[in-house]
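The values are calculated or read from the model by the stated rules, or taken from the named source; none is laboratory data. If you're wondering where the values come from, they're calculated on a predicted model, not measured in any experiment. When we count neighbours, we look across all protein chains shown, and the Cβ atoms used for this are built from the backbone with ideal geometry, even at glycine. Just the protein is used for accessible areas: all its heavy atoms, side chains included, with ligands, DNA and RNA removed. Shrake-Rupley method; radii C 1.70, N 1.55, O 1.52, S 1.80 Å.
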Amino acid sequence: MLKLITLILALVPQLLPVPAKMQVRDGSFKVDGEKRMQWVLDPACALPPEGYTLDITRGRVRALASTETGLFYAKQTLKQLEQNGFLPCCTITDYPRFAWRGFHIDPCRHFMPVEEVKKQIDILASYKMNVMHWHLTDDQGWRIEIKRYPPLRDVGGTRTEFDGSVHQGCYTQEEIRDVVAYAAERHVTVVPEIEMPGHAIAAIRAFPELSCTGEAISTFYTWGSPNIVMCPGKDLMFEFLDNVIAEVVDLFPSEYIHIGGDECKKDKWIKCPRCQERIKALGLVADENGTAEEKLQSYAVRRMENILAKYGKKLIGWDEILEGGLSPNATVMSWRGEEGGIAAALQGHDVIMTPSKEGMYLDHVQGDPKIEPVSIGNYTTMEKAYNYDPVPEELVKNGMDNYVIGLQCNLWSEYIYSDDHRNYMLFPRAFAVAETGWSLKENKDWESFRVRVDRACQDLDSRGVNYHIPLPEQPGGSCDNIAFIDKAVLEFTTTRPMAAIVYTTDDTEPTVASAAYERPLEFTESATLKIASVTPYGKLSPVRTINIAKQQPWPAVAKASEGLKAWRADGRFVSAADLEGARWNEIKLEKLRDMTTLEPFDRNMPDTLRFYAVKAQGSFKVKETGVYRFSSDCDQVWIDGKLLIDNGAEVKRFSRHDAEAALEAGAHDVQVIYIYNVVGGWNSIRNKTDVQMRKEGSEKWRKIEIL
Ligand code: ACM
Ligand code: ZN
């Protein structure tokens, strides 16, 4: 079967997703020649609802479907076939494997303009995805106009960042209707998510009475799961949500509304008299199915289910809604793994699989995190996304696999600061998810997909849409600041095969005609290496610039210092450049790690937080003369008086500016600058502020030990 598919795809390599069945006959004809088109809608034909047949003979194309949706998909297939300039004579019978082929967008952390939302729908619909999950409310922003509650937009839709800049955005109801209609024309259903009871700080900022304490809270401009959540002890929470839902259902014809339900911290509920009263009144007690507070959340979700049912809508929630007992008719979106989805399906509930670590979270980094743009971390290559299958063996064994109604990729936007970068994270991995959603499992084949995806990427080029091309990476860890004593040998690879890797060493930008990398590159003199990978259709990845420095080992210091000397400066500093003229006061510091502990960690970001910077100096020892690579999440690392690592004003989620130095055996001085701040939503108090080092040839990092 696979051989047949491969043969078919060799003839028409561009089809994505792979159709269910395809029979290629002799002959083809030019796209711009005479042709007779027949679009036949026959509700009585035996094709599944989204299925179609496409019959192409010389000069004639006939599409048949039982629904308009089927004809729409026939048209998408035809468009892909036409990209070659000729149409092969063939018969295609096609239908999807899953009813839910979803993609999720998060305009809450970083707003996504309507035009970008539409562009994304347009692209993904053409690859036969059919649900857009619109995550419209969260801690950092409320993004849907609710006419009854203007403060949701005016207060909840705006946040002031650490540096004083303002991030805002809120879709008007008119814009939402427009997007929903645009999606419907492309046979995409838009499912809104209104988060409760956690991830609701934007709403609580607008209406503090929604929380347990009712306290006014400040703007929330960092990422994570704070413990300020709605209070299910209060009826007004449900009145508020009912009023919101009343307007939401009017905008979205979808049969489902997503109510969130994930990552709700419950410590405030334990202390809240109203929550505890409710627990008592309902007789909720902790048992093997959950704590009393988890059961309180379950109660709140059931009330949401009843509210939705009033409007004829069905509830979807993240897999946390299993805790404390699942609502009778809930559909579960399994994100923390497949376990929640399996448990829900075994109870006879519909399930959408979107497990984060198994390849469905497209906010995860897709190459070496040392050189890819800052992300939330983890690791999801396109191959990993492609190889995920949403039907777990356990459900097949138990005959419950039909409860998996589909899969979805999620693109959270904490680290997505631009439209180009959103597309870089989304494409082409979303195409892998599109193929898994549509194509029969037995028709999927990674080797064929990774070739066919190139055509889809060229389609993105024609639309002016950015996407990821694997960068040349150094096995064992990429580094753009290399040092050597006698000779440097640099090896490169890519996360999936590319047509070539090209490079220059004369400071010019590489092109497809530059020298091709064939074997590890050797350097005996200092150089600047510019290196990029090349796709089979001749497009270059972003260029990496690698500084390669021949060094005499830096001499050991004559007198090592003992312990750390440290100074603190108070203020809101964005980068080390802001520290000029800062007032430093000497402090006691035991370990570099302690630089983050001078003020209490408070995820809730109250206005009372005191930001600061620390400068710390000491000495450390290296046993052998050699080249050492350094890594640090701090703002700057100086070795022997030279600035080695400068993270600038970049988001210091993790170190991306590793650098090497040749050091003589003995003691060396280190100076570190750490700034407690929030850049791009990342709270640097969560960083590990050690300095890590490893000797050339070793893969093992260790902390430098201050003498
Ligand atoms: C989630 O990623 N918190 C659903
Ligand atoms: Zn409460």
Lysines whose Cα lies under 20 Å from that of K700, excluding same-chain neighbours fewer than 8 positions away: K370, K621, K623, K688
Binned Cα-Cα distances of the range 198-242, short to long, each 5 Å bin given as a whole percent: 6, 24, 36, 21, 10, 3
Selected from A216, N227, F573, residue furthest toward positive end of dipole (the chain; charges at beta carbon): N227
Label-point separation, D646 to Q173 (7 Å along Cα→Cβ), nm: 5.3 nm
Theoretical ellipticity at 222 nm over the chain - DSSP helices of four or more residues, -39500 (n - 2.57) apiece, nearest 500: -7000 deg cm²/dmol
Overall form of the range 26-174 per C-alpha gyration tensor (a/c, 1.5; a/b vs b/c): prolate
Anisotropy class of the chain from Cα gyration tensor, a/c 1.5 cut: oblate
Relative frequency of Cα-Cα separations exceeding 25 Å in the range 86-214, percent: 36 percent
Accessible area per residue, Å², the range 399-484 with all protein chains present, probe 1.4 Å: 27 Å²
The range 449-528: relative contact order as a whole-number percent, Cα under 8 Å and 6+ apart: 27 percent
Accessible surface, the range 529-641, averaged per residue in Å² (probe 1.4 Å): 50 Å²
Per-q log10 I(q)/I(0), the range 500-546, q = 0.32 Å⁻¹ (Debye; single scatterer per alpha-carbon; no solvent): -1.30
Mean-position separation - Cα centroids, the range 644-707 and the range 85-124, in angstrom: 41 Å
Reachable lysines, given that their alpha-carbon falls under 18 Å from the alpha-carbon of K539 and they are not under 8 places away in the same chain: K530
Ranked order, Y256, Y403, Y676, Y417 - accessible area, probe 1.4 Å, largest first: Y417, Y403, Y256, Y676
For D139, net neighbour charge (Lys/Arg +1, Asp/Glu -1) across residues whose Cβ lies under 13 Å away: 0
Cβ-defined net charge surrounding G626, 12 Å radius [Lys, Arg +1; Asp, Glu -1]: -1
Cut-off 16 Å, label 7 Å out along Cα→Cβ of R25, residues of the range 69-88 by amide N: 87-88
Segment Y379-R610, length gained on full extension (0.36 nm per residue, minus Cα span): 79.8 nm
Residue-normalised accessible area of the range 112-202, given per residue in Å² at a 1.4 Å probe: 30 Å²
Electrostatic dipole magnitude of the range 258-369 [Cβ: Lys, Arg +1; Asp, Glu -1; Cα centre; debye, to 20]: 820 debye
Point-charge dipole on Cβ atoms (K/R +1, D/E -1) for the range 50-152, about Cα centre, debye to 20: 260 debye
Pairs beyond 20 Å (Cα-Cα), from K35/K128; K119/K652; K147/K266; K588/K615; K234/K295; K30/K75: K35/K128; K119/K652; K147/K266
Lys/Arg +1, Asp/Glu -1 at C-beta; the chain dipole; positive extreme among N683, A206, A63: A63
Lys, Arg +1 and Asp, Glu -1 on Cβ, resulting dipole of the chain about Cα centre, debye, nearest 20: 520 debye
Potential extension, K119-V40 segment - 0.36 nm per residue separation minus Cα distance: 25.6 nm
Distance in nm between pseudo-label sites at S165 and A99 (7 Å out along the Cβ direction from Cα): 4.4 nm
Label-point separation in nm, Q552 to K147, each point 7 Å along Cα→Cβ: 7.9 nm
Relative contact order (%) - criterion: Cα under 8 Å, at least six apart; region: the range 153-293: 27 percent
The chain, accessible surface, carbon-and-sulfur percent (1.4 angstrom probe): 49 percent
Summed side-chain charge close to A665 - residues other than A665 whose Cβ falls under 10 Å, Lys, Arg +1, Asp, Glu -1: 0
Residues T597 and E255, FRET efficiency given R0 of 35 Å [Cβ-Cβ distance, rounded to 0.05]: 0.10
Förster radius 22 Å - calculated FRET efficiency between T528 and R496 (Cβ-Cβ, nearest 0.05): 0.25
Per-selection metrics, the range 117-161 (Cα): Rg and Dmax in Å: 14.2, 39
Efficiency of FRET from Cβ geometry, A577 and E518, R₀ 41 Å, rounded to 0.05: 0.45
Relative contact order of the chain, defined on C-alpha pairs under 8 angstrom at six or more residues apart (%): 10 percent
